[in-house]
Ligand SMILES: NC(=O)c1ccc[n+]([C@@H]2O[C@H](COP(=O)([O-])OP(=O)(O)OC[C@H]3O[C@@H](n4cnc5c(N)ncnc54)[C@H](OP(=O)(O)O)[C@@H]3O)[C@@H](O)[C@H]2O)c1
């Protein structure tokens, strides 16, 4: 990092992940000397309030990012592919939230609680995993270290904002339409999400959704466990913010649920919320707005040998996206 008071830019600053990132830079008093905000031409001229004052959003074009020390990309894979290499060539660092570089062996894929050491290998671009792979690897890493993880099954419950502001707004409209007795319509997603559960909406890769393929590949990469066997089904639910998953883990060694609770309770990034008798367990509503991965419903999976079942929720816009990226930038500053 060439400056301890870096010139920072956010690409996609008007979106769900980028907008959250701008807020989190302020919350964490990120020591930016300047903060430039970019989006598509549609948003040019909009003003966004930041910790360095109101900033006018500019349309991203040409070599606008050349002077920046850190550029956060949250505008889709195509935009990252077009502009991140130029940032790196000019001596800056691109911290990418998109899927563009996640499986590129020359680019570290970093979750600060799990594999911060991989950040040292960066050559000007750092990738962040997707919004399920981040909390899933945070939960699996301590289990893998302590007991060895042999197989993972996960079924997700993913919020509308995970697909961007467009679906979040569509869900709000559908909720109002249903309340008013007007038939809701779907334009952004293939089905009406309100009052529904949709096991699709992502591009298909053979019989799997692209999301399922990403969650498996990225979790393996973050854990450094390329052969880990995983079975994942991704599902969109009518929740605004907060991705959850039911997870079944087969361990190499027997683990007692109390031991797992204690282990996860002292692991970075995790808060155990687990007293189902008093109705305390992770839920998107209780985790929205926080940076923790909440884990609960920890119990023996009696159907499997050395099996543990659990449930987690995490804010997809914060720890699943923006907070992870800002933590990466903080590590880059700390380690020079
Ligand atoms: N949402 C999440 O939970 C989440 C989690 C992890 C990763 N991500 C990743 O973050 C990225 C953004 O997702 P999102 O959910 O925030 O989407 P979004 O709400 O639809 O926002 C997209 C942002 O990108 C901007 N944009 C679109 N085309 C652009 C272009 N050609 N040049 C510059 N800016 C452009 C948009 O600007 P306008 O407002 O002008 O259209 C907007 O600011 C994606 O790569 C996604 O995979 C999202």
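Structure values in brief
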item	result
Flag if residue 241 is modelled with pLDDT of 95 or more and within 30 Å of residue 190 (Cα to Cα)	yes
Out of 116, 85, sole residue that is within 16 Å of the ligand (Cβ to nearest atom) and either touching a residue at least 12 places away in the same chain (Cβ under 8 Å) or not assigned by TED's automatic domain parsing to the domain that holds residue 64 (or both)	85
Subset of region 31-40 [within 15 Å of the ligand (Cβ to nearest atom) and assigned to a loop (DSSP other than H, G, I, E, B)]	40
Residue tally, condition within 8 Å of the ligand (Cβ to nearest atom) and in a loop (DSSP other than H, G, I, E, B), over region 5-21	4
Residue list for region 282-336, restricted to those being on the phi > 0 side of the Ramachandran plot and at pLDDT below 95	336
From 226, 199, 183, residue being more than 30 Å from residue 298 (Cβ to Cβ) and without any contact (Cβ under 8 Å) to a residue 40 or more places away in the chain	183
Residue check, residue 151 closer than 24 Å to residue 210 by Cβ and away from the ligand (no atom under 16 Å from the Cβ)	yes
Selection status of residue 75, outside any helix (DSSP H, G or I), in contact with a strand residue (DSSP E or B) (Cβ under 8 Å, 6 or more places away or on another chain), within 14 Å of the ligand (Cβ to nearest atom) and at pLDDT below 95	no
Residue in region 119-129 that is surrounded by the fewest Cβ atoms within 10 Å (Cβ to Cβ), counting only those that are in a loop (DSSP other than H, G, I, E, B) and away from the ligand (no atom under 15 Å from the Cβ)	123
Residue ID - nearest to the ligand (Cβ to nearest atom), chosen from residues in region 41-66 that are in contact with a helix residue (DSSP H, G or I) (Cβ under 7 Å, 6 or more places away or on another chain) and over 21 Å from residue 98 (Cβ atoms)	50
Identity of the residue in region 160-198, in contact with a helix residue (DSSP H, G or I) (Cβ under 6 Å, 6 or more places away or on another chain), within 16 Å of the ligand (Cβ to nearest atom) and part of a loop (DSSP other than H, G, I, E, B), that ends up nearest to residue 19 (Cα to Cα)	164
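This table checks each residue for (1) at pLDDT 95 or above; (2) surrounded by fewer than 24 Cβ atoms within 10 Å (Cβ to Cβ); (3) not in a helix (DSSP H, G or I).
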site	(1), (2), (3)
23	yes, yes, no
29	yes, yes, yes
80	yes, no, no
102	yes, yes, yes
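The values are calculated or read from the model by the stated rules, or taken from the named source; none is laboratory data. Predicted model only: the values in this text are computed from it and were never measured. Note that we place each Cβ from the backbone using ideal geometry, even for glycine, and neighbour counts take in every protein chain shown.
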